[in-house]
Amino acid sequence: MSDIPADAVRLAQAAPTAHRVRGYWSAVWNRLRYDYVTLLFLALIVLIVLSAIFAPYLAPLDPNKSSMASRLKPILYKSFILGTDEQGRDILSRLIWGGRTSLLMGIAPVFVATIVGGFFGVLAGYAGGKLNSAIMRTMDVFFAFPSVLLAVAISGSLGSGLINQMITLTIVLIPPICRVAETATTQVRTMDFIDAARASGASTASILVRHVLVNVLSPVFVYSSTLVSASILLASGLSFLGLGVSPPTPDWGLMLSTLRQSIYVQPLVCALPGVTILVTSIAFNLVSDGLRQAMDVKA
Amino acid sequence: MTNAMPGTQSAVRPLVEVKDLTVDFVSRDATVRAVNGVSFDVMPGEVLCIIGESGSGKSVTLRSLMRLHPKARTVIAGHMRVGDYDILSLSEKEMNAVRGAAISMVFQEPMTALDPVYTIGEQIAETVMRHERCSRETADKRALELLQMVKVPSPERRLKAYPHELSGGLRQRAMMAVALSCRPTLLLADEPTTALDATVQIQVLIVLRRLQEDFGMGVIFVTHDLGVAAQIADKVAVMYAGRIVEYGTVRDVLLNPKHPYTLGLMASTVNGQKKGEDIDAIPGSPPDLRALPPGCSFAPRCRLADAACEADFPAPVIRAGGHMTRCFKANGEIRPMEAAGIA
Amino acid sequence: MSLQPSERHLQAVKPGHPHDRGGKAQPMLIVENLKKYFPIHGGLLNRKVAEVKAVDDVSFSVLKGETLGIVGESGCGKSTLARLLMHLLPRDKGTLIFDGDPVDEPRGMSLRDLRRNLQMVFQDSYSSLNPRLPIEDSIAYGPSVHGMSRAKARAKARELLEKVGLRPDLFAGRYPHELSGGQKQRVNIARALALDPRMLILDEAVSALDKSVEAQVLNLLGYLKRHFNLTYMFISHDLHVVRYISDRVLVMYLGQVVEIGPVEDIYTQPKHPYTMALLASRLEIDPDQRIDTPPIVGDPPNPINPPSGCRFRTRCPLAEPICAERTPTLGTGAFAASDHRAACHVTNPVAGHSFAGRSLQSIAPSEMPARFAESA
């Protein structure tokens, strides 16, 4: 027989374990903290955003001041650190100023589309049945067109300009976000904890807010962040086609479009807007990928 | 192949030899030692049941024998031999030739192990053709034979069925047919009957036992269910926190258990306990594999544990008949029933 | 972590319950002719092509203070039954009477009231707790929905955590992914108790747990039943566990009740061949008691097109033409809860079955129809 009373054994179990108590977001941060790639590109994004915000102070020269004498100069020509474009304007200054429109095109439409698409997606996913069919089939109509074609079509009918371009991008981005939100909601809806909440007599609104939304938010948020780069690219494409902002407003897509003709004269300089778009897109993609991994905390 | 009866380990070379197997899963957050120095033999034609609860390392041990773990995140050390193959020194290509042929495996959930877009007949024939390089006709004939062997009713019709068209029990049999298609010398079974209903589980176990005897295969069968082990095992290994704590013939381990964990597990298993009285449950929960205690991993939950148990992990003690325990307190002096607290 | 609440913490059980309405003899729950068919849509126009008869004309009652065990294989409708009783699924037909009050009917008990009285513990799985809520909030959610203040609901949650053996100071703020399976199941139980229910439906509540943890949770369920004066409906496929915990047992097969009665009667003298086969399929922990011939062959048939007459006849060793023609019943009229009844023609002396009136235990295998003797 054992000399140790059973109670002592049981009490020993009550001692605190090595388990740290922490919330969801601190767990996410804890994972992110050691993901150096994500952190590096997050820092890059912050840098790009800050330089766009403080463009008036950071840009070395006036982005719209042209000079016939110094057209298409190479990198480090006099005071033009990154050379000049076909009208002799400073590329670096134009890139910094251009970040304002390009980032706005990347973030604002995604933000609006996340709210609208997320709302319809959660609604369709939770209601199911006929409402789901009505919402999702409507989305499918938009989905049927390639996004660039759809953007061109909408933009063409709305006309060019900053606001119209943003409306166009928002409309293009709503269906995919809606689809992701609907899938996530449908998954959550079948979980037992939703039934447990219903069994406790909770109202639909309360269940949606307390149980559905918190679980749908992170996948939708992560997906939306991948769309930022797509939106920048799409906006650049529209500007490139002349359907976006009009010259001389500095914009990465527009710069790429106009510099294209001089590609044989100054290949390095002409590639710069493209490189900027590429790096920014990659940064947004990698960061959202890192976020996805960090937020994928097992239930 | 001769059937090595329990207890008669003669000059026959074991089919499987595992020595000091350790498996570490490495991730950014922590290193988990899932298997911690496991050694065992399986004779040809013998059924070894590895019993353990979740996290005991039983499935990890089994999957190591087929090298099924993701390479980048797993560190396997030790020595594993199956037949003439030194598992850890095989190239990936050689390993692929062994998988499904000399060693094959049945899983808990056949729906994920069978390919949903091919019929059962195609999947069996495919495996046969890949490993035996025979004609399609021979392979088809063999598929039919295999379904008959695993006692699938109206096998001609089931050959043309897709996995989702079969019930759970039939799917499990179909997976067994795929696994047996190349006459393996070693069959690995990872809780293959756990998801089945009781009336179906017993049918599958009986078929498996019969085929094992007919083929003379060695079988390593992982389960958490003592009843399943009693039904099918020749030898039983009880795992706890990555180590084998008790090993022996099925009668030694299940009828005369020595290790306090085995005893506790038996007392916890509901089987004819008196109504209205508490079950003599093992208190607490298994240790965190990221930070194992230095001594016996079961000591924090063990009624018999003292300072010695918390200092060192006990070395194996082997009794007559090869009955092994790793416990300072199970050296024969204590009576098993008292240790479990079921007076 | 598994601190059992020790007996001395449990106050003496008060006889009766403050919410009791119908008195001692009134069953806690009466279910009459409950029916749920799931339509299967298909084809070009998405029309209904078939029905799954998940729960088909099920009637039984649960007495106050008892544990009714419900057993059956997958697809027998036991989980659907639980969800119908909880009103998580709409029923096609049938009446529910909770403590004498018909549920969800004019003059009866409202759904809201039912949910305060009847709660459910789900099978432990990754989906039973909201991964984004600390467990304290998961437990407090129910009371706050019913108008309890946030602070009070949290206090209640902590009290319940203590009752289910989890120290609130350590566990209240944790998220589900930081808990083991057994701990999660304790939280599930605490959540079900948060509205002070009188009856719990436990749907495979211990099935996914390891044996050592299962035993702890079963002990906990015993403590809680005595402490809170609860009535249990315990759904499980594990016949050993059902025998241990139940007072009465109900056996389901393909959406119907095939046998009901006191637990020892059912386990020692089953009256339905299906129950007998189910019991014979139990595995003992004794290598000397191996089963060499399967008690029945085949899988349960698909509930979409159940066999005519007796649904078990396709697997039954005693099946005769009469079984295909006429559907056996549990017997007509009301019967006492202590009655042991089976829906089988063999139990009915006037049904016309050649074994009619004989007990199953007295029928030797050699007497059974030949086709089963060979296929076994």
Next item on the list: Arrange B:SER285, C:SER110 by Cβ neighbour counts within 10 Å, fewest through most, would you?
Entry: C:SER110, B:SER285
Item checked: Residues whose placed amide H lies under 5 Å from that of C:LYS64, excluding near-sequence neighbours -> C:MET28
Check: Based on Cβ point charges of +1 for Lys and Arg and -1 for Asp and Glu, what charge dipole magnitude is obtained for chain C about its Cα centre, in debye rounded to the nearest 20?
Finding: 1260
Check: Quick one: if you stick a label point 7 Å off each Cα along the C-beta vector at A:ILE167 and A:LEU50, how many nm between them?
Finding: 3.7
Check: What ³J(HN,Hα) values, in whole Hz, does the Karplus curve 6.51 cos²θ - 1.76 cosθ + 1.60 give for the stretch C:128-133 when θ = phi - 60°, with x put for Gly and Pro?
Finding: 7, 10, 5, x, 9, 10
Notebook entry, point to check: Between the stretch C:107-149 and the stretch A:85-159, what's the alpha-carbon centroid distance in Å?
Noted result: 40
Note to self: Suppose each label sits 7 Å from its Cα in the direction of the beta carbon; what would the A:LEU39-B:ARG73 distance come out to in nanometres?
What the structure shows: 2.1
Next item on the list: Could you state the orientation-averaged shadow area of the convex hull built on the Cα atoms of chain A, in nm² to one decimal?
Entry: 23.4
Margin query: What translational diffusion coefficient, to the nearest whole µm²/s, does the protein assembly as shown have by Stokes-Einstein, given a Kirkwood radius computed over alpha-carbon pairs, a temperature of 20 °C and 1.002 mPa s viscosity?
Written below: 65
Margin query: Restricting the calculation to Cα positions, tell me the Rg (one decimal) and the Dmax (whole number) of the stretch A:142-188 in Å.
Written below: 12.8, 41
Note to self: What does DSSP give for chain B in terms of the percent of beta bridges that are antiparallel, rounded to the nearest 5?
What the structure shows: 60
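Looking at this model, which pairs from B:LYS160/C:LYS78; B:LYS58/C:LYS184; C:LYS184/C:LYS211; B:LYS274/C:LYS184; C:LYS156/C:LYS225 are more than 25 angstrom apart at the alpha-carbon?
Pairs exceeding 25 Å: B:LYS160/C:LYS78; B:LYS274/C:LYS184.
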Item checked: Cα-Cα P(r), the stretch C:229-376, percent of pairs per 10 Å interval -> 10, 39, 37, 12, 1, 0
Margin query: Strictly greater than 41 Å: what percent of every Cα pair in chain C meets that?
Written below: 18
Notebook entry, point to check: What nm value, rounded to one decimal, do you get for the distance between A:GLN87 and B:CYS134 when each label is placed 7 Å out toward the C-beta?
Noted result: 7.9
Next item on the list: Enumerate cysteines in chain C without a disulfide-compatible partner, where compatibility requires another Cys Cβ under 4.7 angstrom.
Entry: C:CYS76, C:CYS316, C:CYS344
Check: Tell me, in nm to one decimal, what length is gained between C:ILE304 and C:GLN361 on full extension, where the rule is 0.36 nm per residue of separation less the Cα-Cα distance?
Finding: 17.3 nm
Note to self: How big is chain B along each principal axis, measuring the range of its Cα positions in Å and listing the largest first?
What the structure shows: 67, 48, 46
Margin query: Residue by residue through the stretch A:275-285, what is 3J(HN,Hα) from phi via Karplus (6.51 cos²θ - 1.76 cosθ + 1.60, θ = phi - 60°)? Round to whole Hz and write x for glycine and proline.
Written below: 4, 4, 4, 4, 4, 5, 4, 4, 4, 4, 5
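Residue separation times 0.36 nm, minus the C-alpha to C-alpha distance between B:ASP20 and B:ALA307: what's the value?
Length gained between B:ASP20 and B:ALA307: 100.7 nm.
Assuming R0 = 51 Å, can you tell me the calculated FRET efficiency for the pair B:GLU277 and C:PHE38, based on Cβ-Cβ distance, to the nearest 0.05?
0.80
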Margin query: Between the stretch B:49-122 and the stretch B:24-45, how far is it from one alpha carbon centroid to the other, in angstrom?
Written below: 13
Notebook entry, point to check: Order of B:ARG301, C:ARG358, C:ARG150, A:ARG94 from fewest to most other C-beta atoms within 10 Å?
Noted result: C:ARG150, C:ARG358, B:ARG301, A:ARG94
Next item on the list: Work out the length of the dipole vector of chain B about its Cα centre, built from +1 on the beta-carbon of each Lys and Arg and -1 on the beta-carbon of each Asp and Glu, and round it to the nearest 20 debye.
Entry: 320
Margin query: Give the lysines whose C-alpha is closer than 16 Å to that of C:LYS93, dropping any in the same chain fewer than 8 places away, or say none.
Written below: C:LYS35, C:LYS36, C:LYS53
Note to self: On the principal axes of its Cα set, how long, how wide and how thick is the stretch C:88-242? Give whole Å, largest value first.
What the structure shows: 46, 42, 28
Notebook entry, point to check: Cross-link partners among aspartates and glutamates for A:LYS73, C-alpha distance below 12 Å, same-chain residues fewer than 8 apart left out?
Noted result: A:ASP85, A:GLU86, A:ASP90
Next item on the list: Would you mind pulling out the separation of the Cα centroids of the stretch C:320-360 and the stretch A:220-299, in Å?
Entry: 76
Notebook entry, point to check: How much net charge surrounds C:LEU29 when only other residues with a Cβ under 11 Å from its Cβ are counted (Lys, Arg +1; Asp, Glu -1)?
Noted result: -2
Note to self: Within chain B, which whole H helices from DSSP have a Cα span along their axis of at least 15 Å and a mean Kyte-Doolittle hydropathy of -0.5 or more, if any?
What the structure shows: B:120-132, B:168-180, B:198-215
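Every read-out reported here was derived from the displayed coordinates using simple, explicitly stated rules and does not represent laboratory data. In this text the structure is predicted, and so the values were computed from the model without any measurement. For neighbour counting, all protein chains shown are included, and Cβ atoms are generated from backbone atoms with ideal geometry for every residue, glycine included.
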